[in-house]
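Data block below; observations after.
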Amino acid sequence: MTAGRPVTRLLVALIGVSRPAAVEYDGKRFRFKTLRGVDGDIAWFESFFRSIVQPPQLLVLLRPHEPRETGAEDIKAMLQQLVDEARSGDLIVVVLSGHGFQVRDANGDEVTDRLDEAFASSQGIVVDDFFATLWAKQLAGVSAVVIVDTCNADSLGIMGFSTRPLDEVIDSGIPRLSISASEQWEKASEQKSAGKVRGVLSLAFEDAWTLVPGARDSYRSLFAATAELVGARSSQQARMRYYGPREQAQMIDAPPFGAQPQK
C-alpha cells in the first residue's frame, strides 16, 4: 500500500479498554468512568477487517481480552510484535478505543504544552512517547494506519501536533497515517445509534465506509466523509495526518487498507 503499491498482509491490533484501572502518576490520581461503546467499536472493526481481507490468511488480527490482556505492558508488547513481524508490503493497523488523557511530559520533548498524551489501560498507561519509538524502525515497504477514538487523541498513536485537519509531516521511520477525532485539549464522546452506544469517531468511520459514495476511493476521501459526520454529530475536531518520508506521502490518496474502490 505504501506509495500506491498493493497490500500483501494486514497486521491488525484492536485495542479497547472500557474499564481502565485508576492511575497514580506524577503525584496525581486519575479515575475513569466505564465506557459503554468500546466493545461495540472493537467488534465492528473486527468484522470490518475480516470482511475486506481476502483470502483470510492475509489477515493477522489481534484482539486482546479485557482486562487480563490489556495492561500497558501487554499492549506495548503486542504492538512491538506486529512491527517485528512485518515485512515488505504489509500494512500495520492499530485501533485504540477507550480513555485518553494528558500527563506531565517526562522527557522534555513536548515543547508546546509540556504534556504527554496517554492511553489508559487495564493496568498502567501507554504514553505517546512509546509510539515515537515504535514507528522509528526502518522497514522497507511497510506502512501503518492508526485510528484513535479517545479524548486528547490527536498525537496519541503517532506523536507530534497538528494545526490543520490534514497535515503531512516529513519524518523518518515507518510511513503512517493517524485518524482521530479530538485534539489534545478536546474530550471525545459517545453517542447512541440504533439503540447501541458507540464512540463518535468509530461510528462516523463505519457510516462513512458503508453509506457515503466514494469514501472508499482513498484515505483522503474516507477521512473527509468521516470528518463531516464527526462535525455534524459532535463538537469534536477530526484530524488525519501523515508522518514519513516525502516520497511516500501519496499513501493519503491510496485505496484504504488495500480495498478496491467502489464502482
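Computed from the coordinates by the stated procedures, all read-outs in this text should not be read as laboratory data. This is a predicted model, so every value here is computed, not measured. Here the Cβ is made from the backbone with ideal geometry for all residues, glycine too, and neighbour counts use every protein chain on show.
Summary of values
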{"read-out": "Peptides 142-151, 201-210 ordered by average Cβ neighbours within 10 Å, highest first", "value": "142-151, 201-210"}
{"read-out": "Choice from 138, 191, 237 with maximal GNM fluctuation in the chain (Cα, 10 Å cutoff)", "value": "138"}
{"read-out": "Part-to-part distance (alpha-carbon centres) for the range 31-71 and the range 126-155, which is given in Å", "value": "17 Å"}
{"read-out": "Across 33/196; 76/196; 28/76; 33/187, pairs whose alpha-carbon gap is larger than 20 Å", "value": "76/196; 28/76"}
{"read-out": "Cα-Cα pairs of the chain separated by more than 35 Å (percent)", "value": "7 percent"}
